1. Picking from A:Q522, A:Q516, which residue would you name as being in contact with a strand residue (DSSP E or B) (Cβ under 7 Å, 6 or more places away or on another chain), surrounded by fewer than 23 Cβ atoms within 10 Å (Cβ to Cβ), under 15 Å from A:V443 (Cβ atoms) and not hydroxyl-bearing (S, T, Y)?
2. Do we have any residue at all in region A:199-206 that's part of a loop (DSSP other than H, G, I, E, B) and either of a type in the set (V, I, T) or in contact (Cβ under 8 Å) with a residue 60 or more places away in the chain (or both)?
3. Could you grab the pairs with beta carbons closer than 7 Å, sequence gap of 6+ or different chains, first residue in region A:365-389 and under 29 Å from A:H230 (Cα atoms) and touching a residue at least 12 places away in the same chain (Cβ under 8 Å), second one surrounded by fewer than 18 Cβ atoms within 10 Å (Cβ to Cβ) and aliphatic (A, V, I, L, M)?
4. Within the bounds of region A:167-184, is there any residue that is at pLDDT 80 or above, assigned to a loop (DSSP other than H, G, I, E, B) and not polar (S, T, N, Q)?
5. Restricting attention to region B:389-417, and to residues there that are in a helix (DSSP H, G or I), among the basic types (K, R) and in contact with a helix residue (DSSP H, G or I) (Cβ under 8 Å, 6 or more places away or on another chain), which single residue is nearest to the other protein chains (Cβ to nearest Cβ)?
6. Collect the residues in region A:486-507 that are assigned to a loop (DSSP other than H, G, I, E, B) and not acidic (D, E), keeping them in residue-number order.
7. Quick check on this structure: which one of B:Y25, B:Y54 is within 14 Å of chain A (Cβ to nearest Cβ), within 28 Å of the chain's Cα centre (by Cα) and surrounded by 13 or more Cβ atoms within 10 Å (Cβ to Cβ)?
8. Report every pair of residues separated by at least 6 positions or lying on different chains whose Cβ atoms are under 7 Å apart, first residue within region A:31-49 and touching a residue at least 24 places away in the same chain (Cβ under 8 Å) and farther than 17 Å from A:F287 by Cα, second among the acidic types (D, E) and not in a loop (DSSP other than H, G, I, E, B).
Amino acid sequence: MVPHADPRVVQRGGSKINFREPVITKDSRFLICASGEYIKVFSTSTEECIHHLEGHTDRVTGLVLNPSNHLQVYSCSEDGTVRLWDFTDGILIRVLTTSNRPVVGLKSEPMLVSLTLPPSVNRNMKVSELSVLIGKVSPDPKCIAIGREGDYIASVKDNVLNVYFLKKKESYRFSLNNVGVKKARNVFNCVACHPKEDCIATGHGDGRIRLWRNFNRKKEYIYSTVHWHHSGVFALCFTPEGTNLLSGGLESVLVQWRYDQEGQRDFLPRLGSAITDITVSPDGSLFCTSHTDNKITVIQNGSMVSAIIQGLVHEDSVKTALMVDPRTKALVLNGKPGHLQFYSLQQDKQLYNLDIVQQEFINQSNLDQFEVVKAALDSCGDWLATVEQRNAKELEINLKLWAFNQQAQSFVLNTTIAAPHDDGITEICFSPSGQTTTTLVTVSLDRHFKVWQLTQPDPADDEEPSWSCDFVGAYHSLVPKCCCFSADGSLLAVSFQEVVTVWSPASWDLLTTLSQPPGVIQNLCFGRLKCAKYLLGSNDQNLLCCWNLLTCSLEWSTSLDVSLLLADPLSENVAAFCGTTKSTDLFVFVPSEPRPLFSQRALCSGQVTRAVFSAREDPLDSCQESSRWLNHSQLYFLTHNMDLLTFLTKTEEERLIASSKQQTIDDSVAMTPFYLLLGKHRKQQQEDQDILSSQSGERTLLPQGSVAIKELLHTPAHVLPAVSMLCSMFVSSLLLSASHSREEMQPPEEEMESEKEEDDSEEEEEKKETEAGHFISSSASRAGGPVLTKTQQTELRRVKKLDYNWICEIKDSTP
Amino acid sequence: MASFKPTRIQVYPKLGEKVTQDTLYWKNYKAPVQIKEFGAITNIDFSPLAPHTYAVTASTRVHIYGPFSQEPVKTFTRFKDTAYCGRFRSDGQLLVAGCEDSAVRLFDVSGRVAIRMFKGHTKAVHVADFTSARYHILTASDDYTCRLWDIPNCAELNLYKEHADYIRCGITSKLNRDLFFTGSYDHKLKLFDARVKKSVMTMDHGQPVESLLLYPSEGLIVSAGGRYVKVWDLLKGGQPLVSLKNHHKTVTSLCLGSNGQRLLSASLDRHVKVYNTTNYKVVHNFDYAASILSLGLAPGDESIVVGMTNGILSIKHKKTAEDSKDRTVRQKRQPSYRVFVKGKNYVPKQDDYLVSKPVKDYLAKYDKLLRKFNVSKALDAAMEHWSRFRKSEVPVAVIKELDRRGTLKNALAGRDEKELNQLLSFVVANLIDSRFTAILTTTAEMLLDIYQSTVGMSALVDRQLLRLQELLDKETEYQQELMEVLGMLDVLFASNLPRKEVAPPGSGLAKGAAVAGSRQPQIQAS
């Protein structure tokens, strides 16, 4: 195997954007946030990701705007570097390597200060010079704040507030009593400093906010306490003028306290989930809250949610299987509590959240909430089945069936079945489509599996079709675990501990039983296409078995500790994730062949329990043996720590690099796809206009094309004649303008040359012109009818070359 | 900022009969008019001409009733013995009736005395009918024969002796003057052609045939006998088309309604069933007080006339538009349609700037309180809703929501006597409803926990607690009995279900038999 041809395991999409608080640029147009190894620049108005700053080799841990140039941003990472970026162009400007230690936080003042992991806290003035400011700080940057005009640094840990005065080089410690039941909860969670006055606000675990004043003397400090939050305060922030204090916590309510009038509060409730960070734009018009569900909310004027940037929601564990929605090609998995999220991997963007539970979520810890535990999509995406469960005193289970509504372009609840089983449901699957009836099978711990079928009501009464139970199956009162339909839907395999039973969905007769003692069956899957006669199963005795269903006998078995067995729907391939808790290996094989197609040891650490094959939009045509199995579909899997990983083949990587090069267009305007479409066109037009104005003499020879195009594009579509009529005219106009456009291409080319070269060329031209005297017929075709003098010509060229971007700047900043 | 999601009130499926178009149609009859006759009513026949009077044969008389009369408009009493099968001619002028004394009498509807008498049968004549030729009469008798008579000269034209038992029903074709059908207690029904000397078609019903009915197209014939109603396809040589078994006693009478779209069958089990003639499903069912012997339906389903063994004639008339109008007058006048669409159908002009108004979402009172975490007040609001509308779903949904939030105990605590009384009465009223039992048991337990120290302080509350105890005792008793029945049924099912042996696969890996679970229709639609 050639090493470079190997598909590489990469993280594609769905990374965290709420790891550190985001940064809002000075003009409030961009939001910069750390996302894994990358830094993402979002537009605050369109929610679009504009730039993807790549460079760090480990997790980015801090971001701060460059105080001396507000178009630049510093970032620090666990790889021990601090980098300076130009975020408007997405260019890396400088790399500062600090030490071997990972940098976990970054705060800025006139000088750059970086604080690293305990035990040593460093200050980084030049790259090499480091000095300890405060020992023993919390690794969370929320616990460190820089005071008014950089006079002091406040840092909190456990129940101690540390204030370090930079000028005096002194530090004071203030500690809270944490003895007793109630007091034990009042640890410091976060800290914020007032920008204009000497005041430090600290948030505590018991929901209180303390405002410290007079702390520049050791003994005479005072603090006042305000209390609204019922559980810990996780985020605190002062507005730039210091008039308001913003706080947030588990309640997912943004609270605005008036400074000096703490009795007055404004609330912005139901922001979704617990608030972890709050940022305010430098002009104070935008608030940004980060939430635990990988979401950043942009709030305008302190009262209105204007944009929501939602990443892939990472809960502690994904209970549902990973699925791919056949319609949107989106990944479907658990989202917010009680929701299913549809996440587009191509656009790295959440498409929508489907509310399954349809109940108000109460943000309170240790409350039994309904959770979506199982979900299944049928193969054409018309039906979605979900199981929600609540483990209160008694188990509450609801099975819900959702029909896809073409008009709403979303799933609409069709049937709710309360208490479909007496005990938890372990597996749920739809029969493959292509059959007249859609069937759903649920397998439960209550020793039964049930078959649900869509029943069409009488055409007389105008009711919608609904689902009802068709069959209840059991086998020797054993507990079933897995179920699986064959590719054509003619067989259903249900595993009852050591025994696999095969049922006929047509009559619900038990056809045969297969068993390979010992061991409880853990995974079950049918082969596809040519291998449809094989049934694969793995048990807890580290045995992978393959049965031939034609002979009802064991074809082969091998000793393999399989944690997940997955069949590719588009090929015969079966992927088996095997592994212990430490690391996972992947084997991809065809059931009928003895050798695996692909195997990778130590794929990732921890066990892989969720994976999915997603069909590619355009199949690759790779002939490499190791990557051929990825030609038709892509394999995504979730690791132990909820990272979504996939395989990237060589060809794909090349394609990606090519596309990213194409996209590097420098402009100060937000680079949305809409802009890419329209902006270019407009620019072109502007250039055309410029040239036209300079070529006033040539008006008679105007390229007809531009007029035709303009007419075509500016007239409303409904008043235009049929496209078939316009087409020939349009095409011919384009053909005519081709000869002109070649000439028009030249000025931008020239622009790209460096200043000096242009000077040279001008000199050359001067020389030429002196030689040729007034005979400038060669340039006349470009310069137009009336002959321009030499000085006029150079003036014109200079005007053309001037960059007008600064005008845009002024225009944008004035309103 | 998402809006508050209101508490979901669980909608439970309505139990019982489904309301269909047919139920509405067949329920649209007034309360029945009941008339006592002298004996069992054996036949009802509607005159084909308007006003559709009908002849009721009971005991020794044939009465003719007008469409809305409660008294007979005409009576024929010249029978020596029990009369049978009084039937009108297609022009409504003549009426024929058989008799126990074997004579067949022909009456002029306007007259009183029999204008003809046909003698020849040796036993009681249960069937008499006019052929479509109008001058011939078909009779069939307990002497196993059926005969054709000529009216003008009172002569017997044909005699068929093919049945081996009493002939109790017969019918003539309306389209062909020579064809007629007879059904007999020898389980056969036969088609005769007057032009030949023999029956041309024989069908075996399997039970003594009690009644026959021809479809208007005469391609199908319906026979009733025993518990079965059978439909035969005549064009396919008398093939059985469908066999219906919806009665649990002998079906005695058949009738077509709604222009041949519905088939009605009456039986000794006191039911009249209405079938859809396209799929032969029962679409409606009428209950009567006694076993039904005869059934008649006025053209256009204007009235349903049923005769019973105890001599009671029950007549149901269709409700007219006037009847229903009376009710609408009594209803409160509501604001006109214009009030509601006022300003809503205004079409904006071209230059108008549309100011979009945020849609205000209305929340119920308990939802508003739940949003503010006022749990006790929310429960109060829900209980108030219950006391006004008696919809138990709402308080149950609110209690469930409170339980989910973990604040149910807070909401239940701190009540005074009156409120506690209301809560307890709600629990008592709904505890044994299986839809609410789970959550209300929790509630009842909490209530007892909280207020156990106050027992004996208020007579009102004590009475409710005693009621609760009584209810629980009764319920456990019922449950025990039900479990016993279930045990019995299990034994029965176990002995009846065939045990399926799974063929051992080639390798012989699997062994043992599987008991296939029974098919269980389950639960409800949202």
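The values are calculated or read from the model by the stated rules, or taken from the named source; none is laboratory data. As the structure is a computational prediction, the values presented were derived from the model and not from experiment. Glycine gets a Cβ as well: all are built from the backbone with ideal geometry, and neighbour counts include every protein chain shown.
1. Details: A:Q516 fails: under 15 Å from A:V443 (Cβ atoms).
When all the criteria are applied, what remains is A:Q522.
2. Just the residues of region A:199-206 that are part of a loop (DSSP other than H, G, I, E, B), to begin with: A:205-206.
Remaining after also requiring either of a type in the set (V, I, T) or in contact (Cβ under 8 Å) with a residue 60 or more places away in the chain (or both): none.
No, region A:199-206 has no match at all.
3. A:D368/A:A392; A:Q389/A:L395
4. There is no residue in region A:167-184 that is at pLDDT 80 or above, assigned to a loop (DSSP other than H, G, I, E, B) and not polar (S, T, N, Q).
5. Our first condition is that a residue be in a helix (DSSP H, G or I); within region B:389-417, this holds for B:389, B:393-405, B:408-412, B:417.
Imposing the further condition that a residue be among the basic types (K, R) reduces the set to B:400, B:404-405, B:409.
If we keep only those that are in contact with a helix residue (DSSP H, G or I) (Cβ under 8 Å, 6 or more places away or on another chain) as well, we get B:400, B:405, B:409.
On the way: B:K400: 9, B:R405: 5, B:K409: 13 Å.
Filtering region B:389-417 for residues that are in a helix (DSSP H, G or I), among the basic types (K, R) and in contact with a helix residue (DSSP H, G or I) (Cβ under 8 Å, 6 or more places away or on another chain), the one nearest to the other protein chains (Cβ to nearest Cβ) comes out as B:R405.
6. Keep residues of region A:486-507 that are assigned to a loop (DSSP other than H, G, I, E, B), which gives A:486-491, A:497-498, A:505-507.
Of everything in region A:486-507, those that are assigned to a loop (DSSP other than H, G, I, E, B) and not acidic (D, E) turn out to be A:S486, A:A487, A:G489, A:S490, A:L491, A:Q497, A:P505, A:A506, A:S507.
7. Values: B:Y54 fails: within 14 Å of chain A (Cβ to nearest Cβ).
After applying the criteria, what remains is B:Y25.
8. none
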